[in-house]
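Trainee: Sharing a structure below in structure tokens format, with a few things to ask.
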Amino acid sequence: MITIREENAADVSAREALLDDVFGVERFEKTCERLRAGRLPAQGLALVAEIDGEIVGTVRLWHINAGGVRDALVLGPLAIAKAYHSMGIGGRLMRAALNRASLAGYSAVLLVGDALYYNRFGFSAALTDGLWMPGPVERERFLALELKASSLSRAFGPVKATGAWARQDAALADIQVEIAGLRDAA
Ligand SMILES: CC(C)(COP(=O)(O)OP(=O)(O)OC[C@H]1O[C@@H](n2cnc3c(N)ncnc32)[C@H](O)[C@@H]1OP(=O)(O)O)[C@@H](O)C(=O)NCCC(=O)NCCS
């Protein structure tokens, strides 16, 4: 049975192994990586697909400012383990992620990927005309979906990462652990 659920800390090594297998190490050279590096994904929008305890799919969404649209997200990477392709898992992960993003009130989702695959979820290259990424992308692969009608109609300018820094979060967690320890000792 396939379960789609939020990723947790115990999933990280399986997720990274899956991404290495699907994309290879070149994945870190992608332009989208510049919007993700060192950042945390949006809360509740890092999902995995699991079958019998095995992580077989991953998708994450990240905070961005898309040409002045502040409540936008960039999606990626989306990957399904090779042995599980064409079983509908990618579609289920995408729909779950987009539903959650919509319910959380985000206005638009951007990604770089094959239009032939992402068109089915409503993504279109026409919506990114006024936007540019922080590195090279093929325009026909630079796609967007409006979760709120016309949310990208005035979007113009660079796409910038706006998510919280992962290291800051780790530092905060350390401080919280230290405070809890001091409380326990008092
Ligand atoms: C793309 C990917 C996530 C799709 O996941 P999946 O679980 O196989 O997808 P689904 O089962 O929901 O859909 C399968 C359909 O999508 C099509 N499809 C898969 N990748 C495609 C692509 N790059 N372009 C066009 N169609 C594609 C399949 O041919 C299949 O078509 P069918 O339903 O007519 O048979 C998966 O193939 C994968 O991980 N690929 C490698 C990594 C990748 O390319 N990630 C996306 C970044 S662009």
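Trainee: Hey, can you tell me all the residues within region 112-157 that are touching a strand residue (DSSP E or B) at 6+ places or on another chain (Cβ under 6 Å), part of a helix (DSSP H, G or I) and among the aromatic types (Phe, Trp, Tyr)?
Mentor: Result: TYR118, single match.
Trainee: What are the residues in region 53-92 that are away from the ligand (no atom under 12 Å from the Cβ), in contact with a Phe, Trp or Tyr (Cβ under 6 Å, 6 or more places away or on another chain) and assigned to a strand (DSSP E or B), if any?
Mentor: Correct list: ASP71, LEU73, VAL74.
Trainee: Taking LEU182, is it at pLDDT below 95 and either aliphatic (A, V, I, L, M) or within 15 Å of HIS63 (Cα to Cα) (or both)? Let's see the steps before the verdict.
Mentor: Values: at pLDDT below 95: yes; either aliphatic (A, V, I, L, M) or within 15 Å of HIS63 (Cα to Cα) (or both): yes.
In short, yes.
Trainee: Taking the stated definitions as given, is ARG95 assigned to a helix (DSSP H, G or I), more than 10 Å from the ligand (Cβ to nearest atom), touching a residue at least 12 places away in the same chain (Cβ under 8 Å) and surrounded by fewer than 17 Cβ atoms within 10 Å (Cβ to Cβ)? Lay out the reasoning, then the answer.
Mentor: On the way: assigned to a helix (DSSP H, G or I): yes; more than 10 Å from the ligand (Cβ to nearest atom): no; touching a residue at least 12 places away in the same chain (Cβ under 8 Å): yes; surrounded by fewer than 17 Cβ atoms within 10 Å (Cβ to Cβ): yes.
Judged against the criteria, ARG95 is not a match.
Trainee: Tell me, yes or no, whether region 139-159 has at least one residue that is hydroxyl-bearing (Ser, Thr, Tyr) and in contact with a helix residue (DSSP H, G or I) (Cβ under 8 Å, 6 or more places away or on another chain). Spell out the reasoning first.
Mentor: Residues of region 139-159 that are hydroxyl-bearing (Ser, Thr, Tyr), as a first pass: 150-151, 153.
Keeping just the survivors that are in contact with a helix residue (DSSP H, G or I) (Cβ under 8 Å, 6 or more places away or on another chain) gives none.
No - not one qualifying residue is present in region 139-159.
Trainee: Collect the residues in region 125-156 that are exposed (fewer than 14 other Cβ atoms within 10 Å of the Cβ) and either touching a Phe, Trp or Tyr at 6+ places or on another chain (Cβ under 6 Å) or not acidic (Asp, Glu) (or both), keeping them in residue-number order.
Mentor: ALA126, GLY135, PRO136, ARG139, LYS148, ALA149, SER150, SER153, ARG154
Trainee: Quick check, is ALA49 surrounded by 12 or more Cβ atoms within 10 Å (Cβ to Cβ) and not in a helix (DSSP H, G or I)? Steps first, please.
Mentor: Values: surrounded by 12 or more Cβ atoms within 10 Å (Cβ to Cβ): yes; not in a helix (DSSP H, G or I): yes.
When the stated conditions are applied, ALA49 passes them.
The values are calculated or read from the model by the stated rules, or taken from the named source; none is laboratory data. Just so you know, these numbers come straight off a predicted model, no measurement behind them. Backbone-built Cβ (ideal geometry, glycine too); neighbour counts: all protein chains shown.
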